[in-house]
Every structure is written in C-alpha cells, then in structure tokens.
Amino acid sequence: MTLRGSRPSGTGTGQRLLTGDSRGEAISEPRINDRIRVPEVRLVGPEGEQVGIVPIGEALRLAQDAELDLVEVAPMARPPVAKLMDYGKFKYESAQKAREARRNQALTVIKEMRLRLKIDPHDYETKKGHVERFLKGGDKVKITVMFRGREQSRPEMGYRLLQRLAADVSELGVVESNPKQDGRNMVMVIAPHRNQAATDAGRRQAKADKAAAAEEQAPSA
C-alpha cells in the first residue's frame, strides 16, 4: 500500500492486497498494477478521460510513465475497466469519507417506541420511562400509536395519547414532527432539547474520533 504523498513505482511490488480467485469471486480490494492478469483493459485516464481498449502491457507502461497506479475498477466488464490513479491517495481519501459517514450516522440516531391505543397505566409509565431515557441520551424518538380494527375510526384518541406523552416528557424534549396518520398508525417525533442534544452530540463525536484514531493506528491485514 502506498502512503499518502508518496509516488508508487507502478509495479505493485511489496503491496499486499486481498483478492479473489480466477472464478470471479468477490474481492475486498481492487487488483492493481501487475496483479491485473488480463490480456487487455478498457483504460480510463486520471481525469476520467476514455483512452480506449489497450493491451495490459501498454496500460502498465502508461501508469509507470505517469507515476500512477493502474487500478481495476470494473473487473466484471468485458474487457475489465482500469483507471490510472494515485491508489494510495484514493484509498486514504475513501477511508476519510467512510469515517466521516460513520460519524454523521452516529450523530443522527432515532429510537422508536410503539404504543397501543388502549395502553394500561403501568405499561404507559414503562414506555414513557424508555422515551425519557432516549431523550436524556441525546436521541430523537419516533413514537408510533398502532390502531386495531375499529380503533382506526378514532384517530383523535391516538392524537390525544401522543399529546399526553409529549407533555409528560416536555422537560427533556420537544415535538419535532407533529402527530400524523400513517396507514393504521399515527406517528410523532420528539427531539431532545437543543442544549442536551449538543452535549450528547459532542460526546458521540469524541467517541467516534477515538474509534477512528484506533482504527487508523491498527495494523492492516
């Protein structure tokens, strides 16, 4: 694997990649340079320009002359498509994007709580406790009231139940999405108060940063 900022030799020497076999099984990383063992490839230039179908030897020579890697980007095409690129830089940027996506995902957690229209007091208190715990943790909560049979003709009862729950947890959260009918259900979203959400988002961000740093320092397989 080439390091960020370095230039590969174009030969692939010393690079350890996990590849599939000749039957076309899935690979965990693309084949690059002299690991691409096909007679010819459809070559794409570093700026995305179409070079055309060229023998593999010529494609490798062009990669070496440009101090770039030849990377197989569409192995199942006929012939396979290969692109000239700085593979080390590409892999680094892809890893950065993946980490950023995981961080963003961790910051937008939505929990779900389901209620029956004729919920008994003890069950209601239990469900409310879960909602409070989710809001304290900085998560949004999607509340769903499920209607059975003739209950569907009484949507106002579901509305009142959701309004009651929103009022009971108002110290921890605010209604972000008002109750609305969704088929046989009625749905409402409660979000934690902004200050609480910001605090927990900061904690999650720090945790994600720590995990990302550990992942970056871990030796690759």
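The values are calculated or read from the model by the stated rules, or taken from the named source; none is laboratory data. All of these numbers come straight from a predicted model, not from anything done at the bench. Remember, those area values only see protein heavy atoms, side chains included, never the ligands or the DNA or RNA. Shrake-Rupley method; radii C 1.70, N 1.55, O 1.52, S 1.80 Å.
Observations on the model:
- Accessible area expressed per residue, the range 86-159, with surrounding protein chains retained (probe 1.4 Å, Å²): 62
- Alpha carbon centroid spacing (whole Å) that separates the range 120-165 from the range 41-75: 59
- For the range 82-138: rounded, prolate or oblate by the Cα gyration tensor [a/c cutoff 1.5]: prolate
- Taking each of 118/142; 91/136; 128/180 in turn, the alpha-carbon distance tops 26 angstrom for 91/136.
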